[in-house]
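The values are calculated or read from the model by the stated rules, or taken from the named source; none is laboratory data. Every value quoted in this text rests on a predicted model; they were computed, and no experiment measured them. Ideal geometry is used to build each Cβ from the backbone, glycine not excepted, and the neighbour counts take in all protein chains shown. Quick note on the areas: whole protein, heavy atoms, side chains included, nothing else; ligands and nucleic acids left out. Shrake-Rupley method; radii C 1.70, N 1.55, O 1.52, S 1.80 Å.
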Amino acid sequence: MLPQIVFSLLCSFLCFHVVLSRSLPSQSHQVLDVSVTLQQAGEVFSSKSKTFDYGQLVTSSSSSSFSLSLHPRSSLLKPIHNHNYTSLTLSRLARDSSRVNSLNSHHQLALSGFSRSDFKPVYDTVVQPEDLQSPITSGTRQGSGEYFTRIGVGQPAKEFYMVIDTGSDISWLQCAPCSDCYQQSDPVFNPSASSTYKALTCHAPQCTSLEVSACRTDTCLYQVSYGDGSYTVGDFVTETVSFGRSGSVPGVAIGCGHENEGLFIGAAGLLGLGGGSLSLPSQIKATSFSYCLVDRDANSASTLEFNSARPGDSVLAPLLTNSRISTFFYVGLTGLSVGAQMLQIPASTFEIDSNGRGGIIVDSGTAVTRLRTEAYNALRDKFVELSQHLRSSSSFSLFDTCYDLSSLTKVSVPTVALHFSGGKTLQLHPNNYLIPVDSAGKFCLAFAANSGSLSIIGNIQQQGTRVSYDLANKVVGFSPNKC
Ligand SMILES: *[C@@H]1O[C@H](CO)[C@@H](O)[C@H](O)[C@H]1NC(C)=O
């Protein structure tokens, strides 16, 4: 009698789970490991700072694919905040707000119908980058970009740390002679020491494709402003770009910045990975690229790859384009769920409308996912409703939903999932939406509302996931646990 009872109990348990995991697109709850997460956060201050072996660049077997190492900002630049995770988080969030302001202003400017080239900078006198776009001041010029890669420039190649950015197209680095350069960890690039450095003329197609350009004695000048007062100005040139030992590409148009203000402290410059014609993937005619973002606090590294196959288990989403703005990578998102319950959000919330407004982009440089206000409110309300077992705590910076988990080691939390058009579901790991904001156990829901019409999938939600942009087939793939 007894074995039969045990069997039927066991079966009702197992069989139920088998059915459950088959029939529901996502589990209603998952376990957040509070103590492991806090321990990981503490490692950001660990003094066993990784020294990068530049020879360790990953080499791929196929000659047409390139692979570079990719590091979180904190592993390159040790946080100056003396073991204070609260102030580290505050400065990260301040940076993130600047970043989103900059994307919003780029978006608005593109939709307003006039391009930035209508503003002609005066290069030979004092450049006023503030004149070039809507005035947004931040005061905190602390540096944007949370992930850095290492790339070679010139012949012979010199290697530089560069911020990766899917939200912009122009790649640039600081160049000697500097009329104004910020501090960087590598020596500044010296064009006269490279045999492949070549200035572009004003009529070169790369020059005429720039949003902001000028001409001086028939050489092309570029300028990029990032919406928070930071900018780079200099010669627009072609150079050889090399990808560690996996190969090099000659004649890539990049900015050689002689006057650089603000943002990118530590890195030598920025790699523009956007969808426009001047971005690095477009110029090297990459059919795809992908990255895996390790935890922002980790000392480990991952890779940025071009033309490699995406992992077979990727959750696929359609890659959409906005005819008004070629830089951004939009995805088809039909809805969101919390605790396996679909949120009541109109289907149009994440669509790009006929004026180019709306839509949701995937961005490597934004940390916290921003949703249109009505979508964020629905997400937050459902999360709060299903998290009544957690002790709530006061708001923190741009987060309005926080919990005190200090007395817990592990806790069950509602699952947040993204539902893409085409029917696939990306179930986020709890570490992708409940993040520590101090070292004592206060965690916040890492989503926020965007006042503009644009929604943005940020890098906290992408951490630990290989994100593949298949440009040839217009698909974005998300493969969790792939760093
Ligand atoms: C950490 O920084 C926060 C905000 O800057 C401050 O309020 C707090 O007192 C600091 N904590 C410690 C232990 O220094």
**Report entry** Carbon/sulfur fraction of accessible area - the range 323-420, other protein chains in place, 1.4 Å, %
**Finding:** 45
Requested in this report: Work out the P(r) tail for the range 272-340: percent of alpha carbon pairs separated by more than 13 Å, whole number.
Outcome: 76
Query raised in the report: How much FRET efficiency would the formula 1/(1 + (r/R0)^6) give for Lys410 and Gln344, where r is the Cβ-Cβ distance and R0 is 35 Å, rounded to 0.05?
Result: 0.70
Query - Cα-based Rg / Dmax (Å) for the range 28-480 - result: 21.4, 69
Query raised in the report: Within the range 28-480, what percent of beta bridges assigned by DSSP are antiparallel, to the nearest 5?
Result: 85
Query raised in the report: Over the range 325-402, how many percent of alpha carbon pairs lie in each 5 Å bin up to the one with the longest distance?
Result: 3, 13, 21, 21, 19, 13, 7, 2, 1
Query raised in the report: For the range 28-480, how many pairs of lysine residues have a Cα-Cα distance under 22 Å, where the two are 8 or more positions apart or belong to different chains?
Result: 11
Query raised in the report: Hey, rough spin-label estimate for Ser35 and Ser64, points 7 angstrom out along Cα→Cβ, what's it come to in nanometres?
Result: 5.1
Query raised in the report: Taking amide H positions as placed 1.01 Å from N in the peptide plane, with prolines and chain starts having none, which residues 5 or more places from Lys198, or on another chain, fall under 5 Å of its amide H?
Result: Thr238
Report summary line: Between His203 and His83, Cβ-based FRET efficiency (R0 60 Å, step 0.05) works out to 0.60
**Report entry** Spin-label pair Asp381/Ser395, simplified geometry with 7 Å Cα→Cβ offset, distance in nm
**Finding:** 1.7
Query raised in the report: Where only protein heavy atoms count, and the probe is 1.4 Å, what is the accessible area per residue for the range 28-480 in Å²?
Result: 38
Report summary line: In Å, the C-alpha Rg and Dmax of the range 248-407 are 19.6, 59
